[in-house]
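The structure appears right after this line, and notes come after that.
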């Protein structure tokens with residue numbers, strides 16, 4: 001998938017992955033890849049800065065945890081993040097509806 005296609009959607013993707021359960025950074029990257037059927041391979045250099053930014057603005061909280069014997073920062077969705085995710089989903093539905101209307105082949109038109 002073209003990395004430019006993700007621009008503007010990374011926050012929604014991260015929030016969505018964290019909606020189910022708290023995860024550490026690498027597990028978030030794996031979840032994105034798994035949930036996309038392998039289509040999304042997001043570099044750590046994109047994910048970690050976005051996670052820190054989402055935490056700064058209050059959509060995520062984090063804490064250190066030991067996972068598999070390694071100390072990792074685990075991220076959790078906050079109430080603010082849940083509200084943001086709902087807004088992102090609503091905006092996505094509107095966006096796909098509008099773009100779908102434009103891209104749909106017309107039933108009748110010039111031949």
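The values are calculated or read from the model by the stated rules, or taken from the named source; none is laboratory data. Worth saying up front: this structure is predicted, and the values here are computed from it rather than measured. Glycine also receives a Cβ, built like all others from the backbone with ideal geometry; neighbour counts cover every protein chain displayed.
So which of 56, 73 is over 20 Å from residue 6 (Cβ atoms) and surrounded by 13 or more Cβ atoms within 10 Å (Cβ to Cβ)?
None of the other options fit; the residue is 73.
How many of the residues making up the stretch 73-82 are in contact with a strand residue (DSSP E or B) (Cβ under 6 Å, 6 or more places away or on another chain) and assigned to a helix (DSSP H, G or I)?
Quick first cut of the stretch 73-82, residues in contact with a strand residue (DSSP E or B) (Cβ under 6 Å, 6 or more places away or on another chain) only: 73-76, 78, 81.
Of the ones still in play, those that are also assigned to a helix (DSSP H, G or I) are 81.
Residues in the stretch 73-82 being in contact with a strand residue (DSSP E or B) (Cβ under 6 Å, 6 or more places away or on another chain) and assigned to a helix (DSSP H, G or I): 1 in total.
Do we find that residue 6 is farther than 20 Å from residue 87 by Cα, modelled with pLDDT under 90 and in contact with a helix residue (DSSP H, G or I) (Cβ under 8 Å, 6 or more places away or on another chain) in this structure?
Details: farther than 20 Å from residue 87 by Cα: no; modelled with pLDDT under 90: yes; in contact with a helix residue (DSSP H, G or I) (Cβ under 8 Å, 6 or more places away or on another chain): yes.
In short, no.
Conditions tested, residue by residue: (1) in a loop (DSSP other than H, G, I, E, B); (2) touching a residue at least 60 places away in the same chain (Cβ under 8 Å); (3) more than 14 Å from residue 23 (Cα to Cα).
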residue	(1), (2), (3)
42	yes, no, yes
49	no, no, yes
55	no, no, no
62	no, no, no
66	no, no, no
71	no, no, no
84	no, yes, yes
99	no, no, yes
106	yes, no, yes
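Test residue 25 against the criterion of being touching a residue at least 60 places away in the same chain (Cβ under 8 Å) and in contact with a strand residue (DSSP E or B) (Cβ under 8 Å, 6 or more places away or on another chain), and give yes or no.
no
Going through the stretch 1-28 one residue at a time, which ones are farther than 21 Å from residue 92 by Cβ and assigned to a helix (DSSP H, G or I)?
Residues satisfying the conditions are 25, 26, 27.
Out of all the residues in the stretch 36-46, is one or more buried (at least 17 other Cβ atoms within 10 Å of the Cβ), closer than 26 Å to residue 70 by Cα and at pLDDT 90 or above?
There is no residue in the stretch 36-46 that is buried (at least 17 other Cβ atoms within 10 Å of the Cβ), closer than 26 Å to residue 70 by Cα and at pLDDT 90 or above.
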